[in-house]
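To start, the structure under review is shown below, and the notes come after it.
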Amino acid sequence: MSARAPSASAAGCSSAPRAERRPGAVPPGPAGPAARPTPEEAAVPPPQDATGPAAPPAATSAVSPAASASSAPSPGPAGPEVSAGSAASVSAPAPESGAPAEAAETRAKGAGSALTLLVIEDDPGGAPGVPRMLDESGRPVKIRTARNLTEAARLLTDDVHCILLDLALLCDGIVEDAGEAGGRADGPRAAEPAPAPAAADGGADGAPEPAASAAGGPDELETLRRVLRLAPRHAVLALTDGADAERAAEAVRVGAQDYLFRDELDAGLLTRAIRYAVERKRADLAQRQLTESRLRAQENARLERGLLPRPLLDGSDLRFAARYRPGRSRALLGGDFYDTVRTQDGTVHAMIGDVSGHGPDEAALGVELRIAWRALTFAGLCGDELLGTLQRVLEHERANEEIFATLCTVDIAPDGRSAGVCLAGHPSPLFAGGGGAAPRLLPYDESGPALGLLPQARWPRRHVTLGRSWSLMMYTDGLIEGHVDDRSRERLGQQGLLDIVSLRMREGARGERLLESAMTDVHRLNGGELTDDVAVLLLERDVSGR
């Protein structure tokens, strides 16, 4: 959310004297539609899950706004929500348990909504110490009051901007949690303090929750911790006496956005504190989400980097170079895949492939096919037998029957002078012999269909003579599907790639330099980055100086 919290534009009246605290007292008078629950009703906590309170029935009480505009609310039987300076109130129903936090925040802080403050304190007079406040539009700030956490859970709807918690609640023993089933919510003071949370349970911001205060007594901020767990996405202000400055500072360390002293409370200070707390909480949530996103990105990057191939060419006189760029934004893996290994008999096996479609599922399938190819190659399979086994792997692992994969495999003899080539619906490699011979495309006529298209397909293996010195470039169709200029939108194609490689080789480019210059030319002709995944593999043998 980016909506600003409204700011104060007028100071309110001074606060009325605080009524005497009498735990369990219920104000006299007839119970209206917005009357507080009786002790028997408050003793039964509403059902809720870990995400928030259950939705209570909507309650309304209508009083003439004109009659209330001239005086502050009296300590009589106030309803669950009153506007400071106005007795008219409407309690919105609580959000459904488990509703997305982003949607709740959007509804609560949308444009045109008035500030709403939830006051949690045990004074049955209806928060007489909270002054009248106006937002920047001149509307009264809505105030809801709760005497304990059971009532707070019912009143904590998604339009509440901030919570003002009176730390004196800890002294009165009214610490019933909305999720606890036993005990009266507003009954006599508990004989024993609330049990301390487990050491592994942290506060709203991950701070440890000590079982006892520094003086060795019970945890004085247990109720604050419960409020933070009850409302993890709401701003919280701590209200205390001026003599409790140390405990107020500790409340901020535990997770409150700020603290206020009761004897210094006025409308301007409270309004500024609410706005500051709301904006700080919003900034904290945004920073936390950003940090979590960065951590997830780092974990994904480490995972994808670990899945990229590591060629195994120890003992071979071949030179290896490769370029890889996924079409997905901010990804390291795409649906293209390649690999190169050398088996014990000295044969060098190279492979490059392309899974149809784009996305993480296709990238994962490409990794599976590459690992399966490496395992089958080390097991001694090649040619038609290997491709048939890979097709069965594809059929079992793909998400639907429309997914297929193209593949090109090359098996280079131990002496480096010949190779066997199998094509499964894949573009033919570029080959350049020694002595300055111009590059050419290897024949494509003896090829089979892509993997996953025909159940009983065959893939013939074509024998190719390489010679003493040579270069062999294997690539995916993402490289040749780029355009030659911005106007004609003509595809580069295999012939265009062949022209680029021929020009660069005449200029003496080889190995890494040849790949880099060819990729640069393709990007320049396309007018920017290519939209498809791109993988290029180059194997070279140079024995001219021997």
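The values are calculated or read from the model by the stated rules, or taken from the named source; none is laboratory data. Treat the numbers as computed from the prediction; the structure is a model and nothing was measured. In this analysis, Cβ positions are derived from the backbone assuming ideal geometry, glycine residues included, and neighbour counts consider all displayed protein chains. Accessible surface areas use protein heavy atoms only, side chains included; no ligands, DNA or RNA. Shrake-Rupley method; radii C 1.70, N 1.55, O 1.52, S 1.80 Å.
For His358, the solvent-accessible surface with a 1.4 Å probe is about 110 Å², rounded to the nearest 10.
Here the extension length gained between Ser488 and Arg302 equals 62.9 nm, from 0.36 nm per residue of separation less the Cα-Cα distance.
Shape class for segment 417-499: oblate, because the ratio a/c of the largest to smallest gyration tensor axis (alpha-carbon atoms, square roots of eigenvalues) is 1.5 or more and b/c is at least a/b. Relative contact order, whole percent, for segment 421-519 stands at 26, derived from Cα pairs under 8 Å and 6 or more residues apart. Annotation for Val464 and Arg513: the two label points, set 7 Å from Cα along the Cα-Cβ direction, are 2.4 nm apart.
May I ask for the Kirkwood hydrodynamic radius of segment 235-287, worked out over all distinct Cα pairs and given in angstroms to one decimal?
Details: mean 1/r = 0.0883 Å⁻¹.
Roughly 11.3 Å, rounded to one decimal.
Here each label is just a point 7 Å from Cα along the line to Cβ, and for Leu441 and Asp542 those points are 2.8 nm apart.
Extension gain, Leu454 to Leu269: 0.36 nm times the residue separation minus the Cα-Cα distance gives 59.0 nm.
Where in segment 240-261 does the amide nitrogen come within less than 19 Å of the point 7 Å from the Cα of Ala286, taken along Cα to Cβ? Zone members listed by number: 257-258. Between the alpha-carbon centres of segment 333-349 and segment 387-406 there is a gap of 19 Å. Each part gets one Cα centre, and for segment 232-272 versus segment 424-462 those centres are 74 Å apart. 3J(HN,Hα) couplings calculated from phi for segment 426-434 with the Karplus curve 6.51 cos²θ - 1.76 cosθ + 1.60 (θ = phi - 60°) are, in sequence order, 10, x, 6, x, 9, 10, 10, x, x Hz; Gly and Pro show x. Treating r as the C-beta distance of Gln495 and Leu295 and R0 as 60 Å, the FRET efficiency rounds to 0.80. Using R0 = 56 Å, the C-beta based FRET efficiency linking Ala364 and Glu246 works out to 0.55.
Decide, for segment 383-529, between rounded, prolate and oblate: order the square roots of the alpha carbon gyration tensor eigenvalues as a ≥ b ≥ c, take rounded if a/c falls under 1.5, and otherwise choose prolate if a/b is larger than b/c, else oblate. Don't skip to the end; give the middle numbers.
On the way: a/c = 2.53, a/b = 1.26, b/c = 2.01.
Here segment 383-529 falls in the oblate category.
The listed residues Phe404, Phe337 rank as Phe404, Phe337 when sorted by accessible area, largest first, using a 1.4 Å probe.
For segment 264-269, 3J(HN,Hα) computed residue by residue from phi via the Karplus equation (6.51, -1.76, 1.60; θ = phi - 60°) reads 10, 6, 9, 4, x, 5 Hz, glycine and proline entered as x. Placing a label point 7 Å from the Cα of Ala114 along the Cα-to-Cβ line, the residues of segment 256-275 whose backbone N sits under 16 Å from it are 271.
Computed over the alpha carbons of segment 494-546, Rg followed by Dmax gives 12.6, 43 Å. Is the shape of segment 300-384 best called rounded, prolate or oblate, per the rule: a/c under 1.5 gives rounded, else a/b larger than b/c gives prolate, else oblate, with a ≥ b ≥ c the square roots of the Cα gyration tensor eigenvalues? Note, shape of segment 300-384 comes out prolate.
At a Förster distance of 30 Å, what's the computed FRET efficiency of Glu401 paired with Phe378, Cβ-Cβ distance as r, to 0.05? Each step should come with its number before you reach the end.
Numbers: r = 30 Å, r/R0 = 0.99.
Taking R0 as 30 Å, the efficiency between Glu401 and Phe378 is 0.50.
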